[in-house]
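> Once you've had a glance at the structure underneath, I'll fire off some questions.
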Amino acid sequence: MKKNSFFLISAVVPITDETFSLKKTVLTLINENDKYLKEIIIVASKKITTINSLKEAKRLKLRYKKKIQIIFQKKPFFGGAMIDGFSRMKGTHLLMIASDLETHPKEVKKMIKELKKNDEVIIGASRWLKRGGFEGYNNIKFILNFFFQLFFKILFFSNLTDFTYGFRIFPKKIIKKYNWKELKHPLCLEMILRPIKDGYKSKEIPVKWKGRLEGVSKNPFFSNFKYFFVGIKIKFSLY
């Protein structure tokens, strides 16, 4: 695509136990970005999505019949839900976003503003840029996160600052090029490292991260260390 060409975004939104956070995410995406929004793909799990969360998704589907679809994931875990969502996208670009407001939908219009300048690049959100930041983040995770980003920055000779935050817009051609491997949260890392290793460009905007107000994180603390191994596998083409 050329710069400033027309694009439509498919947003993939996995759900587990979110209700009002899911509603705010969906309403904000539609109210602020409807012109550029092809669809919202809500991905539920028959095993772990709560009844109340699924009810909220169905209410939103009734309200926005043409804009929302609900699917049930076949692959397990967060990464599997995302990958199953990717397979159903009809837009020219993919928005990777959560339903817990830790990837706040208010930031999407800023990401789209950057996408308008060049819709061939990956638009990412960074908590580590100036005017970004963290609110209510675990102190130990904060320190680890800092060293994660530094490690990947050096390993891949990159100018990016946030490799592990799963809040990005991708051109469809990048999504469809790869056979994504990671079924848990390190998919967020895989999805930026494999493209930049192959020469695709990425641009970041600063965002402030704030912890969820409902539900429980499905990303256990010690699972964060797997990011190192995923990065090394990608660097040395071990996939």
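> Test each condition in (1) at pLDDT 95 or above; (2) open to solvent by 60 Å² or more (accessible area, probe 1.4 Å); (3) farther than 19 Å from Pro186 by Cβ for Met89 and report the one that comes out false.
Every condition holds for Met89 apart from (2).
> Which of the residues that make up segment 145-188 are over 20 Å from the mean Cα position of the chain (by Cα) and in contact (Cβ under 8 Å) with a residue 60 or more places away in the chain?
Phe151, Leu155, Phe156, listed by residue number.
> Could you tell me whether Lys106 is over 16 Å from the mean Cα position of the chain (by Cα) and open to solvent by 70 Å² or more (accessible area, probe 1.4 Å)?
no
> Further, regarding this structure: Can you tell me which of (1) open to solvent by less than 30 Å² (accessible area, probe 1.4 Å); (2) touching a strand residue (DSSP E or B) at 6+ places or on another chain (Cβ under 8 Å) is the one Thr28 doesn't meet?
For Thr28, the exception is condition (2).
> Just to verify a result, which residue in segment 32-62, among those that are within 16 Å of Glu214 (Cα to Cα) and of a type in the set (Ser, Thr, Tyr), is surrounded by the fewest Cβ atoms within 10 Å (Cβ to Cβ)?
Among those that are within 16 Å of Glu214 (Cα to Cα) and of a type in the set (Ser, Thr, Tyr), it is Thr50.
> Let me ask you something else. If a residue must be surrounded by 18 or more Cβ atoms within 10 Å (Cβ to Cβ) and of a type in the set (Val, Ile, Thr), how many such residues does segment 180-224 contain?
So the count comes out to 3.
> Hey, any hits in segment 127-134 for a residue that's at pLDDT 95 or above, closer than 26 Å to Asp198 by Cα and not aromatic (Phe, Trp, Tyr)?
Yes, there is a match, as at least one residue in segment 127-134 is at pLDDT 95 or above, closer than 26 Å to Asp198 by Cα and not aromatic (Phe, Trp, Tyr).
> Is one or more of the residues making up segment 11-25 β-branched (Val, Ile, Thr), under 18 Å from the mean Cα position of the chain (by Cα), surrounded by fewer than 21 Cβ atoms within 10 Å (Cβ to Cβ) and not in a loop (DSSP other than H, G, I, E, B)?
The answer is no; no qualifying residue exists.
> Given the condition open to solvent by less than 40 Å² (accessible area, probe 1.4 Å), of a type outside the set (S, T, N, Q) and without any contact (Cβ under 8 Å) to a residue 40 or more places away in the chain, answer yes or no: does some residue in segment 130-137 qualify?
There is no residue in segment 130-137 that is open to solvent by less than 40 Å² (accessible area, probe 1.4 Å), of a type outside the set (S, T, N, Q) and without any contact (Cβ under 8 Å) to a residue 40 or more places away in the chain.
> With (1) modelled with pLDDT of 95 or more; (2) more than 22 Å from Asp100 (Cβ to Cβ) as the list, and Phe228 as the residue in question, which single condition is left unmet?
So the condition that Phe228 fails would be (1).
> Additional query: Looking at segment 225-239, which of its residues are touching a Lys or Arg at 6+ places or on another chain (Cβ under 7 Å) and open to solvent by less than 40 Å² (accessible area, probe 1.4 Å)?
Across segment 225-239, the qualifying residue is only Ile234.
> Would you pick out the residues in segment 63-73 that are open to solvent by less than 80 Å² (accessible area, probe 1.4 Å) and within 20 Å of the chain's Cα centre (by Cα)?
Once the filter is applied, which keeps residues that are open to solvent by less than 80 Å² (accessible area, probe 1.4 Å) and within 20 Å of the chain's Cα centre (by Cα), segment 63-73 yields Lys67, Ile68, Gln69, Ile70, Ile71, Gln73.
The values are calculated or read from the model by the stated rules, or taken from the named source; none is laboratory data. Remember, predicted model here, so these are calculated numbers, not experimental data. All Cβ positions, even for glycine, are placed from backbone atoms using ideal geometry, and neighbour counts span all protein chains on display. SASA here: full protein model, heavy atoms, side chains in, ligands and nucleic acids out. Shrake-Rupley method; radii C 1.70, N 1.55, O 1.52, S 1.80 Å.
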